[in-house]
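Note sheet for the following structure.
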Amino acid sequence: MAINEIFPNPTVKQVIFQVRFPCLFSIESLIGNYQVRIMEKFPNSQLLHSRAFLLGTMEESKHVKDASEEQNLGAIKKIWKFTTESGVVLNLQVDSLDISSEVHKTYNNPKGKERFREIVEFVMRHFFETTQIPKINRIGLRYIDECPVPSRGNVSFRKHYNTTLAIDRFKLKDAVEMTFLSRAKRGKYFFTFRESFTEKSGRPLLTLDFDGSAQNIKSSECLAVTDKLHELISSEYDAHIKEPVRRYMRKRTKQ
């Protein structure tokens, strides 16, 4: 079931929302209007540039599928970057928009002072009103959690997590790095899950990466679909952790 509690010490480190849409040739002429619309929440702005490169051998380079793709290699892409005072980042390109936050503790809990859903709704409402895009190719919602590992013992680890890692065959006490990856369908949605055990600053760390997506969505259904993706991710997270992790997140200061 989806989690409805706001934790003062959550394991989530980053949440990312993204939409991809057909290349919008008019984006440069519309960006000023869009900037004014969102300036209330995103007062800081930058124009960035990135260059795409094809990596691989000369033989591999022959397999570029489309002439336009080949022409675009090395081309400079413009990225319009907007930032809130708290550090939430919005990146807009000619074919995608993404929002990244490391400050939100809840998606839509009414008791939360800052709700990630409100940012998504604000950004996308003004985007659709500005661009009049009727349909988007893909919606993605991703949560990355860094979780505590009290010890390297298998018994203790299982008391905290319903792990997918092969710790019976490869003992946690001997592990340098261990990863599990799954991609699956959940009804009409797609779901990718990664569980990784490694070390950070000399301490064992468990990373849980939940990535839900949907394809070919009407613009009017964007927020409703994002809500469904959040429910899917929240339920998966809740099924993966156990009560000791919940107690850890309820602590006011990190231990």
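In the chain, a dipole from Cβ-located charges (positive for Lys and Arg, negative for Asp and Glu) runs towards its positive end, and of L172, S101, A214 it is L172 whose Cα lies farthest in that direction. Relative contact order of segment 103-225, taken over Cα pairs closer than 8 Å and 6 or more residues apart, is 29 percent.
List the lysines whose Cα lies under 16 Å from the Cα of K228, skipping any in the same chain that are fewer than 8 positions away. Candidates past the 8-residue exclusion: K185, K188, K218. The C-alpha atoms of the chain define a longest principal axis, and helix 116-131 lies at about 10 degrees to it. In this model, which of K13/K200; K13/K105; K81/K200; K41/K105 are farther than 20 Å apart at the alpha-carbon? K81/K200, as the Cα separations exceed 20 Å there.
An ellipsoid equivalent to segment 135-179, defined through the eigenvalues of its Cα gyration tensor, has semi-axes of 31, 12, 9 Å when rounded to whole angstrom and sorted largest first.
Potential lengthening of the chain between S29 and E129 amounts to 34.6 nm, from the contour at 0.36 nm per residue minus the alpha-carbon distance. Estimated purely from DSSP H runs of n ≥ 4, each contributing -39500 (n - 2.57), the mean residue ellipticity at 222 nm for the chain is -8500 deg cm²/dmol once divided by its residues.
In the distance distribution for segment 104-232, Cα-Cα pairs more than 17 Å apart total 66 percent. The local environment of I6, defined by Cβ-Cβ distances under 11 Å, has a net charge of +3 under the rule Lys, Arg +1 and Asp, Glu -1.
Springs join every pair of Cα atoms under 10 Å in this Gaussian network model of the chain, and among L205, L141, L47 the largest mean-square fluctuation is at L47. Taking the Cα atoms of the chain, the ratio Rg/Rh between the radius of gyration and the Kirkwood radius comes to 1.01.
Readers should treat all values here as calculations from the given coordinates under stated rules, not as data from a laboratory. From a predicted model like this one, the values you see are computed outputs, not experimental measurements. Cβ sites come from the backbone with ideal geometry, for glycine too, and all protein chains shown count toward neighbours.
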